[in-house]
Structure formats: C-alpha cells, structure tokens
1. Return the residue satisfying two criteria in turn: it lies in the range 3-48 and is part of a helix (DSSP H, G or I) and of a type in the set (D, E, K, R), and of such residues it is least open to solvent (accessible area, probe 1.4 Å).
2. Test Leu94 against the stated conditions and say whether it is in contact (Cβ under 8 Å) with a residue 40 or more places away in the chain, more than 14 Å from the chain's Cα centre (by Cα) and closer than 27 Å to Glu138 by Cα.
3. Within the range 77-90, take every residue that is farther than 16 Å from Phe24 by Cβ and in a helix (DSSP H, G or I) and give me the one that is modelled with the lowest pLDDT.
4. When residues of the range 91-130 are filtered for being more than 20 Å from Thr6 (Cβ to Cβ) and either at pLDDT below 95 or hydroxyl-bearing (Ser, Thr, Tyr) (or both), how many remain?
5. Would you point out which residue out of Pro139, Pro149 is at pLDDT 75 or above, open to solvent by 70 Å² or more (accessible area, probe 1.4 Å) and not acidic (Asp, Glu)?
6. Can you name the residue in the range 94-133 that is outside any helix (DSSP H, G or I) and out of contact with any helix residue (DSSP H, G or I) (no Cβ under 8 Å at 6 or more places or on another chain) and, of all such residues, is least open to solvent (accessible area, probe 1.4 Å)?
7. Looking only at the range 49-63, which residues are open to solvent by 10 Å² or more (accessible area, probe 1.4 Å) and part of a loop (DSSP other than H, G, I, E, B)?
8. All but one of (1) in a loop (DSSP other than H, G, I, E, B); (2) among the aliphatic types (A, V, I, L, M); (3) at pLDDT below 85; (4) buried (at least 16 other Cβ atoms within 10 Å of the Cβ) hold for Val74; state the number of the condition that does not hold.
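The values are calculated or read from the model by the stated rules, or taken from the named source; none is laboratory data. Predicted, not measured: the structure shown is a model, and the values here were computed from it. Positions of Cβ are backbone-derived with ideal geometry, glycine not excepted, and every protein chain shown enters the neighbour counts. These area figures cover heavy atoms from the full protein model, side chains too; ligands, DNA and RNA do not enter into them. Shrake-Rupley method; radii C 1.70, N 1.55, O 1.52, S 1.80 Å.
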Amino acid sequence: MTETPTLYEWAGGLDALRRLTAVFYGHVLKDPLLEPVFRDMDPGHPEHVASWLAEVFGGPETYSHDHGGHRHMVGRHLGRAITEEQRRRWVNLLFDAADEAGLPADPEFRSAFAAYVEWGSRLAVMFSQPGREVTVGEPMPKWGWGNRPPWQPPSD
C-alpha cells in the first residue's frame, strides 16, 4: 500500500459502517439504560449514523450534504440530558458492536476509533445538558490515524 488509507477505507467503507450501526442499534434497543433514549428513533437513524461516521472517518460528505453536518448532529442532542452512565454504556455497546460487525481489530484502527468515540460521546453529553445551544459554525470533525499509520505486515 503506497498511500495511507483513511479510517473509512480501512474500516471497510460504508458497508462496514452500516453493519456496525445495524448491530449497535439492535443492541441499544434491548438495553434497559439506553432503550428509553432511543425508543422513538427514526428507522433511518442507523443509516444516518453510518453516513456520519463515514464522513468523519474520511469518506463521502453525504451526512453534511443530506443532513446539515455537525451543526445538525449537535442539534439532535440538545435537551436530552444524557448521563455519564448512559454515555459509558453507549461507548461499551459500540465497541462490542465493532467486534460483532467485523471492523478491523488492529491496534491502530481501534485506537483511532476509540479516540473518536470517546471524544464524540463526551461532546454529546455536553451538548445534551439543559440550556445548551448549537453554536454557529460548528465544524464537521475529521478523524484520522493520529501519529501512526495503520500497521501492515512486512511484504515478502
């Protein structure tokens, strides 16, 4: 591989992220702590989150084009009063779903994935608290490998 792939490419593209969100939200709807938060979610929500993750991880800008980008995502969390306990459960279920959906398990990918999930879930808690508003111009996050490209076995 001559160029470092995006996290989106390394994950397996949109199909892999769709598998992830389908598995994940299937578990969320059975979880006693999270089900009340997601009980009335739009049936298209898993697909929207897959396109969000795709864009954040370097894929097509479909979420921004079709849904309004980061400002829209932040707005979806306003007033939900997400607790730290709910955030942690959400994170743990997402990590489990990544395994179940067959996302790459290499340390570099999982480290970048975990860093984004931690960062994003903490923003969701922050923006969900009473009195918060969407700031004008919230930029769409773009997540990458950090300091290290993905590990690859030596070529023969």
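1. Glu35
2. no
3. Result: His77.
4. 10
5. When all the criteria are applied, what remains is Pro139.
6. The selected residue is Asp106.
7. Across the range 49-63, the qualifying residues are Gly58, Gly59, Pro60, Glu61.
8. Every condition holds for Val74 apart from (1).
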